[in-house]
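Peer 1: What follows is a structure written as structure tokens; I'll ask about it next.
The values are calculated or read from the model by the stated rules, or taken from the named source; none is laboratory data. Here the structure is a predicted model, which means the values were calculated and not measured. Counting neighbours? That spans all protein chains shown, and the Cβs are built from the backbone with ideal geometry, glycine included.
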């Protein structure tokens with residue numbers, strides 16, 4: 001049984017060559033055939049770093065999308081919670097692409113050690129969110145999603161917090177040899193100061209109810225169709241404050257972000273109340289995300305796809321820029337809420 005990784009509730013497994021090396025075209029097709037689908041041999045790899053996702057042709061039917069989960073990342077129970085949440089949202093006619101159920105109602109399958117789900121193919125384009133109408137529509141979408149998300153709790157998925165996003169990320173980077181020696185002390189002292197500031201700001205806001213969230217709600221994870229926005233999946237679904245699913249949709253200077261936030265909330269409040277004090281956490285959450293993103297790439301560096309996709313990651317220039325970004329965040333943390 002894989003050992004439990006304490007930093008974020010996920011599992012780790014011993015390395016013995018990268019598991020994805022075993023994910024051959026034959027295995028992909030055989031996995032879907034084992035689920036009762038008759039594949040026609042057509043395979044198209046879709047953009048995904050964390051998992052492996054493919055469009056797979058089906059004889060005399062529309063292609064499907066199969067997501068093969070990164071081995072050891074989530075427990076089976078945590079993946080099932082993702083699927084169940086998607087089905088629950090779809091049951092409320094909230095536009096989330098839910099996994100297909102087999103004749104027994106199952107959505108999570110296993111083949112040769114790989115856990116995977118099968119989804120209907122659903123297209124769209126990334127949203128611009130450059131009009132008030134689009135932002136209000138996005139706000140209504142998230143308000144509905146959060147209204148359902150607040151009715152139950154996750155038992156097996158990550159709870160968003162300073163320890164999981166910040167402390168664990170900082171410790172991982174410091175414990176590995178990614179930082180150039182001349183930047184090690186600068187990163188160590190700066191991130192320690194940032195986390196202290198962030199804890200104080202969370203204390204100022206006080207306890208916020210944790211609900212089930214999308215967890216990674218930025219424009220690249222949203223597809224827009226004629227009917228409006230929808231999420232393709234909920235791979236990073238977690239528990240946390242509602243502001244987590246709103247702040248990543250903001251861009252520009254403070255005034256631009258304030259106007260965008262007001263538009264989002266005009267739609268959001270049609271379905272759910274929003275605690276405006278939580279807007280003070282936008283810059284703390286942004287800082288934690290910057291730290292977590294660097295550690296995410298570092299944790300995946302043994303995956304052959306990552307050095308190809310992020311060739312600049314282990315260069316001194318990257319870490320200089322990373323520290324510069326964190327120093328800019330140190331100033332941003334001193335700013336008042338955009339809603340104040």
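Peer 1: Could you figure out which of (1) over 24 Å from residue 200 (Cβ atoms); (2) surrounded by fewer than 21 Cβ atoms within 10 Å (Cβ to Cβ) isn't true of residue 149?
Peer 2: (2)
Peer 1: Something else now. Cβ-Cβ under 6 Å, sequence separation 6+ or interchain: first residue in the range 248-276 and without any contact (Cβ under 8 Å) to a residue 60 or more places away in the chain, partner surrounded by 19 or more Cβ atoms within 10 Å (Cβ to Cβ) and in a loop (DSSP other than H, G, I, E, B). Which pairs?
Peer 2: 248/217
Peer 1: Moving on to the next point. Assess whether residue 253 counts as being within 30 Å of residue 69 (Cβ to Cβ) and either over 20 Å from the mean Cα position of the chain (by Cα) or assigned by TED's automatic domain parsing to the domain that holds residue 138 (or both).
Peer 2: Taking the combined requirement at face value, the residue does not satisfy it.
One line per residue, one yes/no per condition, for (1) buried (at least 17 other Cβ atoms within 10 Å of the Cβ); (2) assigned to a loop (DSSP other than H, G, I, E, B); (3) in contact with a helix residue (DSSP H, G or I) (Cβ under 9 Å, 6 or more places away or on another chain):
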residue: 32; (1), (2), (3): yes, no, no
residue: 37; (1), (2), (3): yes, yes, no
residue: 41; (1), (2), (3): no, no, yes
residue: 44; (1), (2), (3): no, no, no
residue: 49; (1), (2), (3): no, yes, yes
residue: 62; (1), (2), (3): no, no, no
residue: 67; (1), (2), (3): yes, no, no
residue: 72; (1), (2), (3): no, yes, yes
residue: 83; (1), (2), (3): yes, no, no
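Peer 1: Continuing with this model, one more query. When the range 77-88 is examined, which residues are found to be farther than 12 Å from residue 157 by Cβ and without any contact (Cβ under 8 Å) to a residue 40 or more places away in the chain?
Peer 2: Across the range 77-88, the qualifying residue is only 87.
Peer 1: Does residue 79 qualify as being part of a loop (DSSP other than H, G, I, E, B) and closer than 16 Å to residue 212 by Cα? Full working, then the answer.
Peer 2: Working: part of a loop (DSSP other than H, G, I, E, B): no; closer than 16 Å to residue 212 by Cα: yes.
Answer is no for this residue.
Peer 1: Name the residues in the range 233-250 that are under 23 Å from residue 120 (Cβ atoms) and either surrounded by 20 or more Cβ atoms within 10 Å (Cβ to Cβ) or not assigned by TED's automatic domain parsing to the domain that holds residue 148 (or both), would you?
Peer 2: 233, 234, 235, 237
Peer 1: Scan the range 314-335 and report the pairs whose first residue is modelled with pLDDT under 95 and whose second residue is not in a helix (DSSP H, G or I), with Cβ atoms within less than 7 Å and a gap of 6+ or a chain change.
Peer 2: Listed pairs, sorted by first residue: 314/178.
Peer 1: Which count do you get for residues in the range 191-200 that are touching a residue at least 24 places away in the same chain (Cβ under 8 Å) and surrounded by fewer than 18 Cβ atoms within 10 Å (Cβ to Cβ)? Working first, answer last.
Peer 2: Taking the range 191-200 as the starting set, the residues that turn out to be touching a residue at least 24 places away in the same chain (Cβ under 8 Å) are 191, 193-195, 197-199.
Next cut, surrounded by fewer than 18 Cβ atoms within 10 Å (Cβ to Cβ) only: 193, 197, 199.
Within the range 191-200, residues that are touching a residue at least 24 places away in the same chain (Cβ under 8 Å) and surrounded by fewer than 18 Cβ atoms within 10 Å (Cβ to Cβ) number 3.
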